[in-house]
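Written below as structure tokens is the structure these notes are about.
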Amino acid sequence: MTTPVCTSASNGRTRTTVRPGYPSFASYVQDRQPVLLRTARSLTANPCDAEDLLQTALTKTYVAWDRIEDHRALDGYVRRALLNTRTSQWRKRKVDEFTCDELPEPDPAPGLDDPAEQQALRDAMWRAVLKLPARQRAMVVLRYYEDLSEAQTAEVLGVSIGTVKSAVSRALGKLREDAELVLARD
């Protein structure tokens, strides 16, 4: 229903139609978007999907804007568009999974995927590093924790590259023989 309204008192021939409710689509979206977005979020699990769903429903509403006679029922129209769009998306979804007798993934190596096992191994490693003599510990930390090269480690500690190589080699040997690390790796 449209109501003719005279916009100029001096010229009775100039008439425009103003709909009750929202004068434009932009004002409707600006005013009702938070409420409609909450409705869209209730239809999807992902907030980004909800925004896309609302955008699609508002696009459909914009296309039909001139055909909607009662703008007081716009929320119902948009909600129905949201629901219909979500239903269409659900029906069109592509299913890439199918049942099979054997799992396609290989069995994971034991202990590597468990965060608790990883943390226990890290703790055991750090305790073993702390058992090393101060000089060897410093070289191992610079070399493997700080990821410095042998030359950079030698420069930082003020020793030769050969000293770094031999000290790190002895330290790694001690770490390989550490009883706590042997238990943690097995």
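The values are calculated or read from the model by the stated rules, or taken from the named source; none is laboratory data. Quantities reported herein were computed from a predicted structural model and do not represent experimental measurements. Note: ideal-geometry Cβ built from the backbone for every residue, glycine included; neighbour counts use all protein chains shown. Calculation scope for accessible area: heavy atoms of the full protein, side chains included, ligands and nucleic acids excluded. Shrake-Rupley method; radii C 1.70, N 1.55, O 1.52, S 1.80 Å.
One table, with the values for the structure above:
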| item | result |
| --- | --- |
| Length gained when the stretch Leu103-Arg91 is fully extended (0.36 nm per residue, less Cα-Cα span) | 1.6 nm |
| Average accessible surface area per residue within the range 132-184, 1.4 Å rolling probe, Å² | 60 |
| Compactness relative to 2.2 N^0.38 Å, alpha carbon Rg of the range 25-95 | 1.09 |
| Relative packing of 65-78, 43-56, which averages over residues the other C-beta atoms within 10 Å, highest first | 43-56, 65-78 |
| Length added when fully stretched, Arg137-Val35, from 0.36 nm per residue minus Cα-Cα | 30.6 nm |
| Accessible area expressed per residue, the range 25-95, with surrounding protein chains retained (probe 1.4 Å, Å²) | 68 |
| Computed FRET value (nearest 0.05) for Val156 with Arg127, which takes r as the C-beta separation and R₀ as 25 Å | 0.55 |
| Sulfur and carbon atoms: percent of accessible area, the range 132-184 [1.4 Å] | 54 |
| Karplus 3J(HN,Hα) series, Hz, for the range 155-167 with 6.51 cos²θ - 1.76 cosθ + 1.60 (x for Gly, Pro) | 5, 4, 8, x, 10, 7, 5, x, 5, 4, 4, 5, 5 |
